[in-house]
Amino acid sequence: MTENKQKQYVITKKIAKHGSQAIIVIPRILEAHLKPGTVAKLTIDVLEIEKSEQ
């Protein structure tokens, strides 16, 4: 029987810009846990609205 071990990481990031898209950059330290093909669940909580959008 395979055991499903879930790991949880909480990171707080500023949204970056890549061309015309907003992106979230994942820290390199998590690279070993987030290999291509890995399924991850992302939950986004907006903590602060930029002053230019108010």
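The values are calculated or read from the model by the stated rules, or taken from the named source; none is laboratory data. Everything quoted here is computed from the prediction, not taken from an experiment. Quick reminder, even Gly has a Cβ in these numbers, built from the backbone with ideal geometry, and neighbours come from all protein chains shown. Protein only, heavy atoms only, side chains kept; ligands, DNA and RNA dropped before computing areas. Shrake-Rupley method; radii C 1.70, N 1.55, O 1.52, S 1.80 Å.
The table that follows gives values for the structure above.
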{"item": "Which labelled figure in [x] 53, 23, 17; [y] 52, 20, 13; [z] 57, 20, 13 is Cα extents along the principal axes in Å, once derived from the coordinates", "result": "[x]"}
{"item": "Cα centre as origin, Lys/Arg/Asp/Glu Cβ charges: the chain dipole, Debye", "result": "200"}
{"item": "Of all accessible heavy-atom area on the chain, the percent that carbon and sulfur account for (1.4 Å)", "result": "52"}
{"item": "Where the range 6-54 is the region considered: accessible area per residue in Å², 1.4 Å probe", "result": "111"}
{"item": "Rounded to the nearest 10 Å², the accessible area of residue 29 at probe 1.4 Å", "result": "140"}
{"item": "Those lysines that a straight Cα-Cα span of less than 23 Å connects to residue 14, excepting residues fewer than 8 apart in one chain", "result": "35, 41, 51"}
